[in-house]
Amino acid sequence: MYLPTLLTFSLLVSISCGDTVWDFCVGDLSLPSGPSGYACKDPAKVTADDFVHSGLGVAGNTTNMFKFGASVAFSPQFPGLNGMGISMVRADLGVGGAVPIHTHRVAELLVLVEGTVIGGFIDSNNTAYYKTLHKGDIMIFPPQLLHFQVNVGSTPVVAYASFASDNPGVQPVDAVFTNDLPSKVVQKVTLLDHAQVKKLKKVFGGSN
């Protein structure tokens, strides 16, 4: 149903490759990835299936505290993207849901397919840029800046985002509570008290 939109949308953020020796480099997921992505799969073993991904037709699971679910098409899920400099994600937001504030290594271009959201980002001067988006609107989020989306409508939201990388990475600000960073350190850098830090570490799966 969204195919024409998605095709156009993906082309908008594609990165041109001025010097290419091979037509493609389908990622060999049996090997570890490095800074340049995955090693190339043996061309003799490449099939049409390597260039097709059906995961974005499935809604993300929104039964969580943020009422947010994502279905991603990055190179680890879609090896045909390896080295292409482009990827996509589907975002589903229940009523009242939010995409928690987070960052990526690269720019993100979002198109709203269903619903109404407030989308925004905060620049390095701590200026907030935000706007209410409606069906068909697109918004660009510059690389490495904190950004978010909040469902402010009365119906679920469906959005698609495309990235200028085949594996853009994501780091939510709640990452400080998801690891084994000592609670005393977290208290110092967040100004939260001990009880609040412990509570948030429990919620997000951290320790110490």
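The values are calculated or read from the model by the stated rules, or taken from the named source; none is laboratory data. Bear in mind that the values here come from a model prediction, so they are computed numbers and not experimental data. Don't worry about glycine lacking a Cβ; one is built from the backbone with ideal geometry, like all the others, and counts go over all protein chains shown. The protein model used for the area step is the full one, side chains on, heavy atoms only, and it has no ligands, DNA or RNA in it. Shrake-Rupley method; radii C 1.70, N 1.55, O 1.52, S 1.80 Å.
Extents of the chain, taken as max minus min of Cα coordinates on every principal axis and listed largest first, are 58, 39, 35 Å. Placing unit charges on each Cβ (+1 for Lys and Arg, -1 for Asp and Glu) gives the chain a dipole about its Cα centre, and among ASN126, HIS194, PRO182 the Cα reaching farthest toward its positive end belongs to HIS194.
With every protein chain left in place, what is the accessible area per residue of region 154-208 in square angstrom, probe 1.4 Å?
Numbers: 3170 Å² over 55 residues.
Per-residue accessible area for region 154-208 comes out at 58 Å².
Here the Gaussian network model covers the chain, with springs between Cα atoms less than 10 Å apart; of ASN125, ASN151, ASN179, ASN125 fluctuates the most. Here the extension length gained between VAL95 and GLN196 equals 33.7 nm, from 0.36 nm per residue of separation less the Cα-Cα distance. Of the residues PHE24, PHE68, PHE141, the one that moves most in a GNM of the chain with alpha-carbon contacts below 10 Å is PHE24. Given a Förster radius of 30 Å and the C-beta distance between ASP137 and GLN187 as r, what FRET efficiency does 1/(1 + (r/R0)^6) yield to the nearest 0.05? Rounded to the nearest 0.05, the efficiency is 0.15.
How many percent of the accessible area of the chain is carbon or sulfur, using a 1.4 Å probe? Whole-percent figure for carbon plus sulfur exposure: 60. What whole-number distance in Å separates the alpha-carbon centres of region 99-156 and region 24-75? The two parts, judged by their Cα centres, are 23 Å apart.
Once the chain from ALA39 to GLN171 is taken as fully extended at 0.36 nm per residue, the excess over their C-alpha distance is 45.0 nm. Figure note: MET84, MET65, MET139 ranked by solvent-accessible area, largest first, 1.4 Å probe, ligands and nucleic acids not counted: MET65, MET84, MET139.
Note on VAL52 and VAL203: their simple-model spin labels are 4.3 nm apart, each label 7 Å out from Cα toward Cβ. Accessible surface calculations at 1.4 Å, restricted to protein heavy atoms, place region 34-153 at 50 Å² per residue.
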